[in-house]
1. Only one of 111, 135, 139, 146 is closer than 18 Å to residue 182 by Cα, without any contact (Cβ under 8 Å) to a residue 40 or more places away in the chain, under 12 Å from the mean Cα position of the chain (by Cα) and not assigned by TED's automatic domain parsing to the domain that holds residue 178. Can you tell me which?
2. If I go through the range 83-107 residue by residue, how many of them are assigned to a loop (DSSP other than H, G, I, E, B) and either buried (at least 19 other Cβ atoms within 10 Å of the Cβ) or assigned by TED's automatic domain parsing to the domain that holds residue 58 (or both)?
3. Tell me the residue from 52, 57, 79 that is outside the structural domain of residue 188 (by TED's automatic domain parsing), surrounded by 18 or more Cβ atoms within 10 Å (Cβ to Cβ), in contact (Cβ under 8 Å) with a residue 24 or more places away in the chain and not in a helix (DSSP H, G or I), please.
4. Quick one: which helices (runs of 4 or more DSSP H) sit completely within the range 108-195 and have at least 1 residues that are under 18 Å from residue 80 (Cα atoms)?
5. Please enumerate the residues belonging to the range 136-195 that are out of contact with any helix residue (DSSP H, G or I) (no Cβ under 9 Å at 6 or more places or on another chain) and surrounded by 15 or more Cβ atoms within 10 Å (Cβ to Cβ).
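The values are calculated or read from the model by the stated rules, or taken from the named source; none is laboratory data. Nothing here was measured: the structure is a model prediction, and the numbers come from that model. All Cβ positions, glycine included, derive from the backbone under ideal geometry; neighbour counts span all protein chains shown.
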């Protein structure tokens with residue numbers, strides 16, 4: 001049986017540790033959202049956009065299960081490599097397609113990358129505004145790693161975990177029941193180990 005819109009909404013809500021009330025806010029009722037999750041009601045386009053925004057997911061994903069654009073993920077990784085090499089203008093040129101991404105963590109990571117490049121290029125005001133705008137999304141996800149990275153970037157420091165640091169963070173995330181975030185940290189550890 002294929003995954004439905006309701007299945008995807010419920011899955012994302014649970015992954016993000018959000019209640020029905022938190023997603024509904026004052027825009028619609030918890031009961032209506034529950035009916036959507038049970039596939040007994042279909043949200044309007046406006047309500048679907050509200051749900052997608054609160055769950056930090058693209059509307060396309062909720063509708064048909066489309067994953068984040070591979071092109072944007074590739075743009076982010078290329079830009080990160082250029083940032084690490086110190087090619088800051090090239091980094092900013094490459095990151096452009098990913099800057100408007102709403103998917104977690106792709107969009108925040110793209111904007112952190114761009115903000116860091118801007119600060120290092122001396123574009124202090126634009127860089128700080130872009131970086132500060134990420135704070136709420138990072139806190140909403142309870143992502144201590146990205147919050148520490150944001151603070152380091154803003155203070156002009158480098159925040160990098162080694163492979164063991166990523167592995168320890170993954171264990172802590174697993175204990176909290178945050179499997180997606182733990183998987184991301186384990187991948188980072190593997191990459192740093194050359195595997």
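1. 139
2. 4
3. That would be 57, the only listed residue that is outside the structural domain of residue 188 (by TED's automatic domain parsing), surrounded by 18 or more Cβ atoms within 10 Å (Cβ to Cβ), in contact (Cβ under 8 Å) with a residue 24 or more places away in the chain and not in a helix (DSSP H, G or I).
4. Here the list reads 124-132, 144-154, 163-175, 179-192.
5. 140
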